[in-house]
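Below is the structure I would like to discuss, written out as structure tokens.
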Amino acid sequence: LEEKDQAIATLSAELEQRNYDIEALKENVQQLNTQVADLEENVQSKEEELTKQTDKMNEAYVFIGTKKELKEAGLAEGGTLFKKLKVDATNIDKKVFQKVDIRQVTEIPIDSKNPKLLSPAPADSYRIARDGNSSTLIITNPERFWSVSNFLIIQQ
């Protein structure tokens, strides 16, 4: 009987120790789960920030208008008999432009049969296809086309 009491006492002590170990492991798992959740939140935050920065890097602005509309928007000056129409880059206001994503825009329809590109762009990075009374600016090399400026100004 005494041996059984000792065995029961030993087993009870072992059980108590194991219960303590289990509780410690549960706490450890809970701490690890909290760390994982924090890391996931941090990764998600970084991904959102990266997406915003990528979108910002790939945004461009397009304005298509007549000589009069260009002047009214403060984007051009001159255009008289003796003075050639010039782009005025000092007063560029993004509000008058249409925002585009350069990763997605490869063609821009223009309601004019003889449009003029007023903003700088490498000549070998685009072409203008004419069809009756309208035209389409076809960007053949987007990376090169948008490398000079993120503002595209076209006179109809």
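Relative contact order, percent, of segment 1-91 when contacts are C-alpha pairs under 8 Å separated by at least 6 residues?
Details: 24 pairs, mean separation 10.5, N = 91.
Result for segment 1-91 is 11 percent.
Continuing with this model, one more query. Mind sorting out which of [x] 33.9, 121; [y] 27.9, 88; [z] 20.2, 69 is the real Rg and Dmax of the Cα atoms in Å computed from the coordinates?
Calculated Rg and Dmax of the Cα atoms in Å: the matching label is [x].
Put a dot 7 Å past each Cα toward the Cβ at residue 23 and residue 36; how far apart are the dots in nm?
Taking the two extended label points, one gets 2.4 nm.
In a Gaussian network model over the chain where Cα atoms closer than 10 Å are linked, find which of 70, 39, 15 has the largest mean-square fluctuation.
15
Which whole-number percent gives the relative contact order of the chain, counting Cα pairs below 8 Å spaced six or more residues apart?
Values: 181 pairs, mean separation 34.8, N = 156.
22 percent.
Students often check this: by mean Cβ neighbours within 10 Å, which of 57-66, 111-120 ranks highest, and how do the rest follow?
57-66, 111-120
Each label point is 7 Å from the Cα along the Cα-to-Cβ direction; what then is the distance between the points at residue 14 and residue 123, in nm?
Between residue 14 and residue 123, the simple spin-label model gives 9.2 nm.
Continuing with this model, one more query. Counting DSSP beta bridges in segment 12-152, what percent are antiparallel, to the nearest 5?
Numbers: 16 of 18 bridges.
DSSP beta bridges in segment 12-152 are roughly 90 percent antiparallel.
With +1 on each Lys and Arg Cβ and -1 on each Asp and Glu Cβ, and nothing else charged, work out how big the dipole of the chain is about its Cα centre, in Debye to the nearest 20. Working shown, then result.
On the way: 21 positive and 27 negative charges, 528 e Å.
It works out to roughly 2540 debye.
Helix-derived [θ] at 222 nm for the chain: sum -39500 (n - 2.57) over DSSP H runs of at least 4, divide by residue count, nearest 500?
Helix-only estimate at 222 nm: -15000 deg cm²/dmol.
Could you list, in their original order, any pairs among 68/116; 84/113; 67/116; 56/86 whose Cα atoms are separated by more than 22 Å?
Details: 68/116 14 Å; 84/113 20 Å; 67/116 10 Å; 56/86 28 Å.
Exceeds cut-off: 56/86.
Could you state the number of Å between the C-alpha centres of segment 116-142 and segment 7-45?
Taking the Cα centre of each part, segment 7-45 and segment 116-142 sit 66 Å apart.
Computed from the coordinates by the stated procedures, all read-outs in this text should not be read as laboratory data. What you see is a predicted model, and the numbers here were worked out from it, not measured in a lab. Neighbour counts run over all protein chains shown; Cβ positions are idealised from the backbone, glycine included.
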